[in-house]
C-alpha cells in the first residue's frame, strides 16, 4: 500500500499490530478521507493473548515486552482510519493508568505494521482527551504523515473534521462517565 518508512521511528517500537477495536463497541464517524472512531476498551492479559494466538512471533514479543503480570487498563480509544483503505494510522488510548498513542506504520508490499507507542505525560499535560482533540484539530496532517498516511494529509477537510470532533468529544465523555459508574 505505502512505501517503506524513511527516517527513525519514535516511541516504543513493536512489530505487533495494536489489538484491533471491537466493532460492536466502536462508533465510526466518516470525516471525508478519514474515519474517526470512539471505543471504550478494557485490556487485560487474557484478551491480549487471545488476540495474538496463532502468531508465535507476536506472542513472543508480547511476553517479552509486557510488565510483570501483563498489561491491564481501560479507557476511551480514539481511532483514525483512512476511509478508503481502512488502515488505522493513529490510535489514542486515553487509558486510566497508561495513557498513550500509536503511529501504525505500514512498511512495505505485505503491509506489515510497525507499531510505535508513545507514552502520554499526564503530569505535564493533564487530561489526555482535550490534548487528543487538539491534536486532531491542529496536528492531524503531520501525524498522519508520520504514520505513513501522507496521501491523506493533503486532502483533509478541516471543517468536516471539526464537526465530527464535536461528536467525538461528547461521545468520549459519555463513555468515560458511563463506564465509571
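The lone criterion from (1) under 26 Å from residue 24 (Cβ atoms); (2) surrounded by 14 or more Cβ atoms within 10 Å (Cβ to Cβ) left unmet by residue 170 is number (2).
A residue that is in contact (Cβ under 8 Å) with a residue 40 or more places away in the chain and surrounded by fewer than 12 Cβ atoms within 10 Å (Cβ to Cβ) occurs nowhere in region 91-104.
Here residue 119 clears all of (1) at negative phi; (2) surrounded by 19 or more Cβ atoms within 10 Å (Cβ to Cβ); (3) within 13 Å of the chain's Cα centre (by Cα) except the condition numbered (2).
Filtering region 63-89 to residues that are in contact with a helix residue (DSSP H, G or I) (Cβ under 6 Å, 6 or more places away or on another chain) and either modelled with pLDDT under 95 or within 11 Å of residue 147 (Cβ to Cβ) (or both) leaves 70, 82, 89. Out of 159, 168, 114, one residue alone is within 24 Å of residue 15 (Cβ to Cβ) and either in contact with a helix residue (DSSP H, G or I) (Cβ under 7 Å, 6 or more places away or on another chain) or outside any loop (DSSP other than H, G, I, E, B) (or both). It is 114.
This table checks each residue for (1) part of a helix (DSSP H, G or I); (2) more than 17 Å from the chain's Cα centre (by Cα).
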| position | (1), (2) |
| --- | --- |
| 59 | yes, yes |
| 62 | yes, yes |
| 81 | no, no |
| 89 | no, no |
| 105 | no, no |
| 131 | yes, no |
| 137 | yes, no |
| 143 | yes, no |
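Within region 15-25, identify whether any single residue is touching a strand residue (DSSP E or B) at 6+ places or on another chain (Cβ under 6 Å) and part of a strand (DSSP E or B), and answer yes or no. No, the conditions are met nowhere in region 15-25. For region 45-57, the tally of residues that are outside any helix (DSSP H, G or I) and surrounded by 13 or more Cβ atoms within 10 Å (Cβ to Cβ) stands at 1. Here region 1-24 is the region considered, the condition is being farther than 11 Å from residue 113 by Cα, modelled with pLDDT of 85 or more and touching a helix residue (DSSP H, G or I) at 6+ places or on another chain (Cβ under 9 Å), and the residue that is surrounded by the most Cβ atoms within 10 Å (Cβ to Cβ) is 19.
The values are calculated or read from the model by the stated rules, or taken from the named source; none is laboratory data. All values derive from a computational prediction rather than experimental measurement. Because the Cβ atoms are built from the backbone with ideal geometry, glycine has one as well, and the counts that use them run over all protein chains shown.
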